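Let me begin by presenting the structure, written as structure tokens, before commenting on it.
The numbers here are math on the coordinates, done by the rules we state, and not lab data. Treat the numbers as computed from the prediction; the structure is a model and nothing was measured. Note: ideal-geometry Cβ built from the backbone for every residue, glycine included; neighbour counts use all protein chains shown.
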Amino acid sequence: MYKPIILPLAKEDIRETALWYNKRQKGLGKRFTTEVREKVHFIRQNPKAYNVRYDDVRTAVLNVFPFMVHFTIDEKNKIIIISAVLHTGRNPELWKNR
């Protein structure tokens, strides 16, 4: 299994999105963060289940919420580096600025 590293900007993506969902409905932000956590756990076990989308960045779509986890694989060190968690309607090039 790979070790996940969630970069600070990706953590901020998750936090801001959870806050936004909680403003819409109490508890929805927690459901969002739980789904992100479950997806990261799956990625740790099966990182190559996702195709390379941009350069060496792979993306995994959440099951319920319209968000994608953007990550790279450090095969040598068995690390998954999560660089962004972005809404699918946003410009996917945003992760490149991170």
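Measure nothing fancy, just the Cα-based angle from helix 8-24's long axis to the longest principal axis of the chain, in degrees from 0 to 90, nearest 10.
30 degrees
For segment 53-58, take each phi angle, set θ = phi - 60°, evaluate the Karplus expression 6.51 cos²θ - 1.76 cosθ + 1.60, and give the result in whole Hz per residue in order, putting x for glycine and proline.
9, 9, 6, 10, 8, 9
Per the Cauchy relation, a quarter of the hull surface: what is the mean projected area of the convex hull of the alpha carbons in segment 3-89, in nm²? All intermediate terms of the calculation are to be shown ahead of the outcome.
On the way: hull surface 21.9 nm².
Quarter of the Cα hull surface area: 5.5 nm².
Let me have the relative contact order for the chain, percent, based on Cα pairs under 8 Å that are six or more residues apart.
31 percent
Pairs on different chains or at least eight residues apart, Cα atoms closer than 24 Å: how many lysine pairs in segment 1-61 fit?
Total qualifying Lys-Lys pairs in segment 1-61 comes to 13.
Nothing charged except the Cβ atoms of Lys and Arg (+1) and of Asp and Glu (-1): what's the magnitude of the dipole of the chain about its Cα centre? Round to the nearest 20 debye.
Magnitude of the dipole: close to 340 debye.
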